[in-house]
Amino acid sequence: MPEQVGVRQAQARRTRDGVLAAAAAVFVEQGVQAPVRDIAERAGVGVGTLYRNFPTRADLVTAVYRHQIDTCAALAPRLLAEAASPFAALTGWAEAFVEFLATKHGLGAALGSGDPGLENLHALMLDTLVPACTALLEACAAAGELRPGITAYPLMRAIGNLCITGPDYGRADAGRMVALLLAGCRGEG
């Protein structure tokens, strides 16, 4: 009997992970207000299964972005360990952060929607990503690769502002502008 429970739990986890991956892909294509049936179809599950795992749209949006935020935060220490320099790690992390921000069609509107289920998403993003960025900046400063006075939150806000895409300004433009911003942050060391 316990083995069957383990198998069912593993299947439930795979279903949930599949729904999260499908939702993330659909959100990129259509925004966070995409029809739930499109997400369920992409995940290969019924709408009832989706609602069983995520009773509200806010639950689904929060779960998708929580996973992506955690992934982005976990990237910082890995890049610090693997990159040629702390600044190279910061650059790699900033590229991942740009990708995260530039593909979040409709997230800003969802955050400002007044939906109580989404109220904590912005705080979660800051509470998780500011420390990751701070660790990168501190490593850069210790290596003499960063101008003095650069801190995580203002840098992340600047990156965020550069990632507001539109008809004549896309993901590639945002990436180029963030690269210029980072070049300006680089120390003379």
Could you go through segment 144-156 and let me know if any residue there is over 17 Å from the mean Cα position of the chain (by Cα), under 15 Å from Leu90 (Cα atoms), of a type in the set (Val, Ile, Thr) and surrounded by 13 or more Cβ atoms within 10 Å (Cβ to Cβ). yes
Listing of helices (runs of 4 or more DSSP H) fully contained in segment 5-87 that carry 3 or more residues being exposed (fewer than 13 other Cβ atoms within 10 Å of the Cβ) and modelled with pLDDT of 90 or more: 57-82
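The values are calculated or read from the model by the stated rules, or taken from the named source; none is laboratory data. In this text, all values refer to a predicted model and were calculated from it rather than measured experimentally. Positions of Cβ are backbone-derived with ideal geometry, glycine not excepted, and every protein chain shown enters the neighbour counts.
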